[in-house]
């Protein structure tokens, strides 16, 4: 803006006029009554009425509504939910806006920011042992479909009975465009790692390499030259799917910072103040949230992740070939107990008695759990996943108990004839009761 176009504030004009008239407001002996109002009006261009008002206020231009606030604002009625979020440590204004918009809030983001700022005292104090240091690094870039970053995150969930249990969240993010995939599991076992990676590869494609840290399910140790010794099951999984793995330092932002920040983003934005009924419901909410975030413009790369991934990353990555070997990873093997149950995700599901194998394979697809034979040739049973602690049985799980039956003691000589049932009248004729009774 040019100096010609710049307009001084009303207070600065008043101060300049007082100073030109020979008064110093910084001295304690300044008397507003001694100011010549006629000369003051000529210098400032204000009316005589306005000058007398300013004289009563010691020439301080204070608006009449300054400091006042309406008793009822657009955010009234949502203070309880915002206070609850602040007490949980949620200070993200976008998260708070989404929560109260779902309950009918019609205002904007500015009112939410102002409320969170005024009530910041409700946020619990952070616990920090030492102050974090400052470092300087250089970002690196990868081509489309070249590298994905993968990591686990953990969060505690509280059930209606007040018990706290821990669940794991697998995050996979494309380093080129920022498209990400998250899925929750009851634990972070290797079989859940394989299931989550296959689900992510179905949606995002198979990259050339995956960046991760020294997880036990990925690498067992390093040899004397520092090279990784892969876990046997994970090495077979890499050969079956067709990708390579590169190990990075844990919690290191220079190597897999997108995955580290994504875990923090999921905890601070997606999980903040969220409720769910079971893991199936939580994963459905997670997929919807991922699709919503992928359609927003990311300022640092300057692209929309969903569009960039669909146009460049997906054609450059390989498609997941759903072979029998890959299907085996989606259906982990389980031993059958002596009473005909298999354990999966902390619950027990029944297997039919006529199946003679000692092990079977289990796959949970949303709200249904499928039990297959060990060679995946026969589906043994289907269970509805209720996430209850009671055992889920299936038809034919136990052999029928022997029951006494009476047999004829003399030859049977009486024979009766059974014929086909007569055709039932259709249409309006089936309501003609008089004809049917005659």
- Query: Counting just the residues of the range 286-303 that are touching a helix residue (DSSP H, G or I) at 6+ places or on another chain (Cβ under 8 Å) and under 29 Å from residue 347 (Cα atoms), which one comes out surrounded by the fewest Cβ atoms within 10 Å (Cβ to Cβ)?
  - Reply: 289
- Query: Hey, residue 311 hits all of (1) more than 30 Å from residue 240 (Cα to Cα); (2) in the same structural domain as residue 180 (by TED's automatic domain parsing) but one; which does it fall short on?
  - Reply: (1)
- With 362, 351 as the choices, which residue is surrounded by 17 or more Cβ atoms within 10 Å (Cβ to Cβ) and under 17 Å from residue 329 (Cα atoms)? 362
- Task: Can you confirm whether the range 271-278 contains a residue that is touching a strand residue (DSSP E or B) at 6+ places or on another chain (Cβ under 9 Å), closer than 27 Å to residue 189 by Cβ and modelled with pLDDT of 90 or more?
- Result: no
- Query: Does at least one position in the range 359-378 carry a residue that is touching a helix residue (DSSP H, G or I) at 6+ places or on another chain (Cβ under 6 Å), assigned to a strand (DSSP E or B) and on the phi < 0 side of the Ramachandran plot?
  - Reply: yes
- Query: If you take the residues in the range 322-339 that are closer than 18 Å to residue 196 by Cβ and part of a helix (DSSP H, G or I), which one is farthest from the chain's Cα centre (by Cα)?
  - Reply: 325
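Given the criterion out of contact with any strand residue (DSSP E or B) (no Cβ under 9 Å at 6 or more places or on another chain), modelled with pLDDT under 90 and part of a helix (DSSP H, G or I), identify the matching residue among 268, 257. Steps first, answer last, please.
Numbers: 257 fails: out of contact with any strand residue (DSSP E or B) (no Cβ under 9 Å at 6 or more places or on another chain).
268 is the lone residue from the list that is out of contact with any strand residue (DSSP E or B) (no Cβ under 9 Å at 6 or more places or on another chain), modelled with pLDDT under 90 and part of a helix (DSSP H, G or I).
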- Query: How do the pairs read when you match residues in the range 35-56 that are within 18 Å of residue 9 (Cβ to Cβ) with residues anywhere that are at pLDDT below 90 and exposed (fewer than 12 other Cβ atoms within 10 Å of the Cβ), using Cβ under 6 Å and keeping only pairs 6 or more apart or on different chains?
  - Reply: none
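The values are calculated or read from the model by the stated rules, or taken from the named source; none is laboratory data. Not measured: the values here are computed from a predicted model. When we count neighbours, we look across all protein chains shown, and the Cβ atoms used for this are built from the backbone with ideal geometry, even at glycine.
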